[in-house]
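Read the structure below first, then the notes.
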Amino acid sequence: MAKSIPFLIAWRNLTHDRARFIVTLVGIAFSVILMGMQIGLLLNFISTTSTIATHSHADIFITAPGVTSEDVSTPQNERRRFQALGVPGVERAESMILDFSQWKRPDGVTESISIVGVAPDATMELPWNLCDHADPHTLLGQPDGVIIDRLYAHLLRAEKIGQLVEINDVRSRVVGMTSGIRTFTQSPFVFTSLSSARRMVGAGDRHISYVLVKVAPGYGIEDVRDRLQQHLPDTHVITSADFAASSAKYWLFTTGAGVSLIMSAVLGLLIGGVIVAQTLYANTIDHLPEYATLRAMGGPTGYLYRIVLMQASLAGIIGYVIGMIVVAFLVWSARNASAAPEMPSWLVAAIGMTTLGDCWLAAAVSLRVVTRIDPVRVFR
Amino acid sequence: MTGDKTMLSVRSVAHNYGCGETAVAALRGIDLDIMAGEILLLVGPSGSGKTTLVQIMGCLLRPTQGRVLLNGNDVASLPEARRNTLRLENFGFIFQSNNLFPNLTATENVMVALDLLGIKGAAARRQARDLLASVGLGNRLDAFPAQLSGGQRQRVGIARALASNPKILLADEPTAALDAENGLRAMELMKTMAHQGNLGVVIVTHDSRIVDAADRTIRLEDGRITDDKL
């Protein structure tokens, strides 16, 4: 393959010192791994903190006042659901319980769980990702039946369908399993019917956590939300998207965990940038006589810029590929963990662009040096 | 062997390094014409202004005073980008330490000059190989500078300087790092190229061994021409 002369100069200058080249690649790859894993975990963090709001298929949530995160609910009376049904634009309104409870394992150990109670005829797609294409209505219709996720089956020591378990002194039976429903609080979601849920969390007959609202066709979600808020002034009416965002924000910024993940990703970016900048600068200084010769021969500044930027791009691309191979392996390895980094294609592309941009930015110092080269130095 | 066409003229050129009371005069009113096909040696003691004069002639340095006429046009006051283009299109440079790219082969080193002129790919490679063959390096095309002798490296430098088909060749101590035999071979090569290509060649040197190969020798002392003989 015919390579351009600037490419040849860039590639050979970059790879001539093998040790320095390897250190550069390790630095960039490390930066990519750090960014990939931290942002991947952040995405997982965001999606698990808002998983119910995101997957419910409801348009609007009615919560008790002051509720900002789906995991931290406040009880309200089920008559809110009937009141909501009377508001124009509301097609369906369903009750839901989301509350913590205790799961007693066969070995006597107690684990904290999040009970999700919905009516057996609920249509808002809870639970989802059921294994073996099981029908959620049939499963939730079984008395004291519970559905758990495979990821947590071992933790709960309930690895078989039909296994009897004890939840808050209520005898229950595992009737189904889901796949990949992770929880942020590390208290696994346990889906059951509304009535069972009330007993499992020790609540009264009219106790619910949320009313899930589906807006009728032809009505705007925001309009219906405003109407509901007017009609139910002692509640908090919020769209599902806003509730998901609010839940993610709550955990991201009140716990500091999210900030820590973001800081790590930024740190990765800085480390990569500094390493590339240092390498390119040292490389440029080493090859100043060659750049001066090019200038003396009449090479325009742009030609010299191309060489430096090609070096930055080559280092960035190779380091990125190495880093992403490691990230892909780590993501694959963690696919069954309770906190599995997410790596959507847009993030793969975004990390690539960021790495390349970081390398170009790092090249700025070297470009400054190249701009100031005096061609007269070739005679010294 | 010189033509009657003036390639480059230097008129009343003076140059100072620094300014005010600390200024050092490197050149003091130089007048000089470089003719096509002429080999001109610039000799003189260290600090006499030889290299400064070559830098000014090659559009690498602006004179403090005076004019530099290339094909009749004053180039001393042109913007830097224009002077850069003029350098590319009109001058070939040969350096004492040859200044080859250590990570490029002999062919690729010559291709750099062609690439700057927009000649790329197979055409550039073919032209570079022809040039190297013409300086006797047809069998060392893919050698890196470190694999070449000093004389061979200087010949690659000459081939690279000639690649842009320059009108004027400016050489700074081209034989200083070579032994007598290689020095004379390099000198003969430049002479042949100058006469065949009708180039104006200016060589700065301390090397008395090559004086006989020149068409004209100019002696500089303290920034002034003290001798000009054919």
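The values are calculated or read from the model by the stated rules, or taken from the named source; none is laboratory data. Remember, predicted model here, so these are calculated numbers, not experimental data. Counting neighbours? That spans all protein chains shown, and the Cβs are built from the backbone with ideal geometry, glycine included. In case anyone asks, the SASA skips ligands and DNA or RNA and just uses the protein heavy atoms, side chains included. Shrake-Rupley method; radii C 1.70, N 1.55, O 1.52, S 1.80 Å.
Remarks
- Selected residue (criterion: farthest from the other protein chains (Cβ to nearest Cβ)) from residues of the stretch A:241-286 that are open to solvent by 20 Å² or more (accessible area, probe 1.4 Å) and within 30 Å of B:Ala163 (Cβ to Cβ): A:Ile285
- In the stretch A:117-133, the residues that are in the same structural domain as A:Val213 (by TED's automatic domain parsing) and assigned to a helix (DSSP H, G or I) form Cβ pairs under 9 Å with partners that are open to solvent by 10 Å² or more (accessible area, probe 1.4 Å) and of a type in the set (S, T, N, Q), at six or more places apart or across chains, as follows: A:Cys131/A:Ser179.
- As a summary of the residue check, A:Gly176 satisfies the conditions (1) within 24 Å of A:Thr49 (Cβ to Cβ); (2) assigned to a strand (DSSP E or B) except for the one numbered (1).
- The set of residues from the stretch B:46-87 being part of a helix (DSSP H, G or I), under 24 Å from B:Gly20 (Cα atoms) and hydrophobic (A, V, I, L, M, F, W, C) comprises B:Leu53, B:Ile56.
- Between B:Thr22, B:Thr64, B:Thr85, the distinction of being among the polar types (S, T, N, Q) and either at the interface with chain A (Cβ under 9 Å from one of its Cβ atoms) or buried (at least 20 other Cβ atoms within 10 Å of the Cβ) (or both) belongs to B:Thr85 only.
- With respect to the conditions (1) more than 7 Å from chain A (Cβ to nearest Cβ); (2) closer than 19 Å to A:Arg295 by Cβ; (3) in contact with a Ser or Thr (Cβ under 7 Å, 6 or more places away or on another chain); (4) assigned to a helix (DSSP H, G or I), B:Gly92 falls short on a single one, namely (4).
- Residue count for the stretch B:99-151 satisfying the condition of being in contact (Cβ under 8 Å) with a residue 60 or more places away in the chain and more than 9 Å from chain A (Cβ to nearest Cβ): 0.
- One residue from A:Gly323, A:Gly302, A:Gly272, A:Gly357 being in a helix (DSSP H, G or I) and at pLDDT below 85: A:Gly272
- Leading residue by the ranking (modelled with the lowest pLDDT) among those in the stretch B:127-144 that are touching a Lys or Arg at 6+ places or on another chain (Cβ under 7 Å) and open to solvent by 10 Å² or more (accessible area, probe 1.4 Å): B:Gly136
- Scanning the stretch A:95-116 for residues being part of a loop (DSSP other than H, G, I, E, B) and either within 27 Å of the chain's Cα centre (by Cα) or loosely packed, with under 14 Cβ neighbours inside 10 Å (or both) gives a total of 4.
- Yes/no for A:Ala315 being within 14 Å of chain B (Cβ to nearest Cβ) and out of contact with any strand residue (DSSP E or B) (no Cβ under 7 Å at 6 or more places or on another chain): no
Yes/no per residue for (1) assigned to a helix (DSSP H, G or I); (2) out of contact with any Pro (no Cβ under 9 Å at 6 or more places or on another chain); (3) not charged (D, E, K, R); (4) not assigned by TED's automatic domain parsing to the domain that holds A:Arg92:
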site	(1), (2), (3), (4)
A:Thr185	no, yes, yes, no
A:Val190	no, yes, yes, no
A:Ser196	yes, no, yes, no
A:Met200	yes, yes, yes, no
A:Ala203	no, no, yes, no
A:Val213	no, yes, yes, no
A:Tyr219	no, no, yes, no
A:Arg227	yes, no, no, no
